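A short write-up of the structure that comes next.
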Amino acid sequence: MLKRVALTGVAVVLSGLAVSPTAIGQGGIAASTKLTTTIDGRKVLPLKVRWLAHPPGKASAVAEVRFLIDGKLSWIEHGKPFNYGSDDIHGHLGWLVTSFLSPGRHRFTTQARLTSGRTLTDTVIARVLEAPAPPAALAGHWRRTLTDDDLKTLNPALVGAVPTGTWDLVFDRVGAWDLDPQGTGLIEHVVIHDSAMTIDAPIQIAPLINNRTGVSRYGHHDIGTFFCREDGPVGTYTWSVAGNQLTLTPTVEPCLLRQAVWSTTWTRVG
């Protein structure tokens, strides 16, 4: 990589390349260098996609990377890899799930703010598809009461780690809304089959800043984050509805926090 050299009015030759000092910015990043992302060139985005930014030069020259959708701040990353949905638990990249967006064209902008004060920008205009609706039998609003005894039965270590009280679970086109007793919650992407479903990613709509996301729905506020990891992990459940009762049974579930909430019989409330 080209190193910054404090010379004026002369050409600097590094690694066999003749470079004008005026073309080299702070952090060793050439002024003409562009920011690239993993969604560059796409005309249509899949429902679930990785959106990574690749700023030029050293990661230490990047103060932060902002991800905006239609001009609205949707995610912030401060460390490499600069990925929408985060990777703070290393090796587990999060996802952009577009189910919360209306079908049609949207503007996806990535801004890399450098420590030098410069900002590099990359914008992609791409179409997103409408997410499938959940089956009529499953769609809607379900409720259960979670107790400390429930947590102790599954794993005593969960006591205090999962809020007890009234949990609501809502299935709509966006995904599964896990609404906790504290008035907040999170959203997960689900792929639903006849009698089974796969939960494969948290849905992140806005960054968590000072413990607030600003996302409100179904009477809950600051909805976001995840149960176990930014990439899920992937869990599978069978589901069945009898009258106003929904039964969810885990078949593969590496996330005990989610299992503590999901694995039971729910009552329809809407």
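Here are the numbers for the structure shown:
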{"read-out": "Residues being of a type in the set (S, T, N, Q), part of a loop (DSSP other than H, G, I, E, B) and either in contact with a Ser or Thr (Cβ under 9 Å, 6 or more places away or on another chain) or under 22 Å from residue 47 (Cβ atoms) (or both) - total across the range 152-179", "value": "1"}
{"read-out": "Any hit, the range 242-252, residues being crowded, with 16+ Cβ neighbours inside 10 Å and either within 22 Å of the chain's Cα centre (by Cα) or over 17 Å from residue 146 (Cβ atoms) (or both)", "value": "no"}
{"read-out": "Residue within the range 238-247 that is outside the structural domain of residue 88 (by TED's automatic domain parsing), among the β-branched types (Val, Ile, Thr) and under 19 Å from residue 92 (Cβ atoms) present", "value": "no"}
{"read-out": "Answer from 123, 145, 110 - the residue that is in contact (Cβ under 8 Å) with a residue 12 or more places away in the chain, assigned to a strand (DSSP E or B), surrounded by 15 or more Cβ atoms within 10 Å (Cβ to Cβ) and out of contact with any His (no Cβ under 7 Å at 6 or more places or on another chain)", "value": "110"}
{"read-out": "Filter result (under 24 Å from residue 108 (Cβ atoms) and in contact with a Phe, Trp or Tyr (Cβ under 7 Å, 6 or more places away or on another chain)) within the range 178-222", "value": "186, 187, 201, 202, 203, 204, 205, 207, 217"}
{"read-out": "Residues being more than 17 Å from residue 100 (Cα to Cα) and small (Gly, Ala, Ser) - total across the range 140-189", "value": "5"}
{"read-out": "Condition broken by residue 239, with the remaining ones in (1) under 21 Å from the mean Cα position of the chain (by Cα); (2) among the aromatic types (Phe, Trp, Tyr); (3) not in a loop (DSSP other than H, G, I, E, B) satisfied", "value": "(1)"}
{"read-out": "Pairs with Cβ under 6 Å, 6+ apart, first in the range 190-213 and in the same structural domain as residue 95 (by TED's automatic domain parsing) and in contact (Cβ under 8 Å) with a residue 12 or more places away in the chain, second crowded, with 21+ Cβ neighbours inside 10 Å and of a type outside the set (Asp, Glu)", "value": "none"}
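The values are calculated or read from the model by the stated rules, or taken from the named source; none is laboratory data. Since the structure is predicted, the reported quantities are computational estimates derived from the model, not experimental observations. Positions of Cβ are backbone-derived with ideal geometry, glycine not excepted, and every protein chain shown enters the neighbour counts.
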